[in-house]
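Peer 1: Sharing a structure, written as structure tokens. Questions coming.
The values are calculated or read from the model by the stated rules, or taken from the named source; none is laboratory data. None of the values given here were measured: they were computed from a predicted structure. Cβ atoms come from the backbone with ideal geometry, glycine included; neighbour counts cover every protein chain shown.
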Amino acid sequence: MTSNTKKRKKEKIHKDGKIAIIGSGPGALSTALALQQDGFQHVVVYERDEHFHSRKDGYGLTLTYNPSKTSPLTQLGLLEKLARLDCPSRAHYVFDSEGNVLGYFGNRFSKSSRGYGQRGNLRVPRQVLRQVMMNTLKERDVHNNRIRIEWNKKLIGFSTSENAPFQTTLKFEDGTSATADLLVGADGVHSTVMKQILSENEQCTAYLGVMIVLGITQDFYHPLLDERGFYTLDGNHRLFTMPYEGSRMTDLMENGIALNDQSTNINRTRRYMWQLSYNLPYEEAVKISKEGAQSLLREVLRRTKHWHDPVQTMIQSTPLDTIWGTPLMDRSPSEILVKMNEVYKSSKQKKHMRAIALGDAMHAMSPFKGWSQE
């Protein structure tokens, strides 16, 4: 056994070690679930929000329905729970701004057509996913408070001392502090953990050149969005839509509306998510994102003014409190790893610090799957 192996064994986090996770997004909560399953007994998730409902509904997620044992959702015991909350989308069309069809895809066009109860991908709102994860953590916490979430805990810094070189002290905005044997930064692309590990000019953060605006409709129904979605492209703008809440199955179960009934004069429980992205200089993107929902709504309506139906009516049906926009940012994980290694080697205070980052804190990624710094 080499001295390096001995050192790694000596520094291993034991099951009774204290683990602090900063943030309560899907990355943070999946980490907490995995640690819980592995038998760790002191895991605390620190979230800066005052409570769960402090956040907007958030974007809709497309998750892979894969019942195999190697699937992360299966391993975490979440797959069937989320499948019961699925808002299905079986067909997807691609249009130009005038409404001409450029392409289509989805299991609706498959030769082996799926039934209404069969699964393809799952469409689940981010807040729904978070709630399912939190409920699962609580259900499995049979020993009470071994895995817990603490709200209104905004991290402002952390440190180690010579007396306890492998223990990290966390400091929060409310004046309280806590200790941990391992610190996990899952606090987004503007991660406080990463900002302290690396200096401001070493963040490896880059603007992707794209502004994105998102909204969720209310009291709006259209057959083109009934268990289906569409993209509209005009060379600079990309509009993406997807079902967010409600389906023909919920119509049947809650209101007795037949599955094949597509009448537009029936009150249906439907919400759709739309997302407009376009190229914009960084300064302009920051400016408009700070102007608020009303300005963002006007801008989206202006940019899609002459587009095909039902784009304008769909956007006009969107409550202001669901609309938000941001310049898309990312960082290169390979560059981050190089910088982190340099910091740990050169800093006496940080070389013994047990701090890692995951999720958006490490690599936010573009939602378009087509951009990478790697």
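Peer 1: Over 26 Å from MET353 (Cα atoms), loosely packed, with under 15 Cβ neighbours inside 10 Å and of a type in the set (A, V, I, L, M), is that true of VAL124?
Peer 2: no
Peer 1: I'd like the residue in the stretch 214-232 that is outside any loop (DSSP other than H, G, I, E, B) and more than 24 Å from the chain's Cα centre (by Cα) and, out of all such residues, is nearest to PRO327 (Cα to Cα).
Peer 2: LEU224
Residue by residue, here is whether (1) crowded, with 16+ Cβ neighbours inside 10 Å; (2) within 20 Å of LEU129 (Cβ to Cβ) holds:
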position	(1), (2)
PHE230	yes, no
GLY235	no, no
LEU239	yes, no
ASP251	yes, no
ASN255	no, no
ASP261	no, no
ILE266	no, no
GLN275	yes, yes
PRO281	no, no
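Peer 1: Within the stretch 174-213, track down each residue that is out of contact with any Leu (no Cβ under 8 Å at 6 or more places or on another chain) and over 23 Å from ILE336 (Cα atoms).
Peer 2: Hits for the stretch 174-213 are ASP174, GLY175, THR176.
Peer 1: Test each condition in (1) modelled with pLDDT of 90 or more; (2) within 19 Å of the chain's Cα centre (by Cα) for CYS87 and report the one that comes out false.
Peer 2: For CYS87, the exception is condition (1).
Peer 1: With the condition kept exactly as written, say whether any residue in the stretch 343-353 is part of a loop (DSSP other than H, G, I, E, B) and modelled with pLDDT of 85 or more.
Peer 2: For the stretch 343-353, residues part of a loop (DSSP other than H, G, I, E, B) and modelled with pLDDT of 85 or more: absent.
Peer 1: Something else: Does LEU301 satisfy the condition of being surrounded by 20 or more Cβ atoms within 10 Å (Cβ to Cβ) and either assigned by TED's automatic domain parsing to the domain that holds MET253 or more than 27 Å from LEU61 (Cβ to Cβ) (or both)?
Peer 2: In short, no.
Peer 1: Continuing with this model, one more query. For the condition basic (Lys, Arg), outside the structural domain of LEU259 (by TED's automatic domain parsing) and over 20 Å from ARG271 (Cα atoms), what is the one hit in ARG48, ARG108?
Peer 2: ARG48
Peer 1: Further question on the same structure: How many residues does the stretch 8-26 contain that are touching a strand residue (DSSP E or B) at 6+ places or on another chain (Cβ under 9 Å) and either surrounded by 14 or more Cβ atoms within 10 Å (Cβ to Cβ) or polar (S, T, N, Q) (or both)?
Peer 2: Qualifying residue count for the region: 10.
Peer 1: Identify all residues within the stretch 266-288 that are outside any strand (DSSP E or B), of a type outside the set (A, V, I, L, M, F, W, C) and under 15 Å from ARG303 (Cβ atoms); write none if there are none.
Peer 2: GLU284
Peer 1: Now, a different point. Would it be correct to say that VAL193 is outside any loop (DSSP other than H, G, I, E, B), in contact (Cβ under 8 Å) with a residue 60 or more places away in the chain and either aromatic (Phe, Trp, Tyr) or touching a helix residue (DSSP H, G or I) at 6+ places or on another chain (Cβ under 9 Å) (or both)?
Peer 2: Yes, satisfied.
Peer 1: What residue, of MET329, MET273, MET314, MET340, is touching a residue at least 60 places away in the same chain (Cβ under 8 Å) and more than 24 Å from TYR59 (Cβ to Cβ)?
Peer 2: MET340
Peer 1: Is at least one residue of the stretch 325-336 in a loop (DSSP other than H, G, I, E, B), on the phi < 0 side of the Ramachandran plot, of a type in the set (Asp, Glu) and at pLDDT 85 or above?
Peer 2: Checked the stretch 325-336: no residue is in a loop (DSSP other than H, G, I, E, B), on the phi < 0 side of the Ramachandran plot, of a type in the set (Asp, Glu) and at pLDDT 85 or above.
Peer 1: Within the stretch 311-343, track down each residue that is more than 17 Å from GLU299 (Cα to Cα) and more than 24 Å from the chain's Cα centre (by Cα).
Peer 2: VAL338, LYS339, MET340, ASN341, GLU342, VAL343, listed by residue number.
Peer 1: Listed residues THR169, THR176; which is modelled with pLDDT of 90 or more, over 17 Å from MET353 (Cβ atoms) and not acidic (Asp, Glu)?
Peer 2: When all the criteria are applied, what remains is THR176.
Peer 1: State all residues of the stretch 306-316 that are within 16 Å of PHE240 (Cα to Cα) and in a loop (DSSP other than H, G, I, E, B); if no residue qualifies, say none.
Peer 2: Across the stretch 306-316, the qualifying residues are TRP307, HIS308, ASP309, PRO310.
Peer 1: Now for a separate question. Which count do you get for residues in the stretch 41-56 that are surrounded by 17 or more Cβ atoms within 10 Å (Cβ to Cβ) and of a type in the set (Asp, Glu)?
Peer 2: Count: 1.
Peer 1: Please verify whether the stretch 40-49 includes one or more residues that are over 19 Å from the mean Cα position of the chain (by Cα) and among the charged types (D, E, K, R).
Peer 2: No: zero hits.
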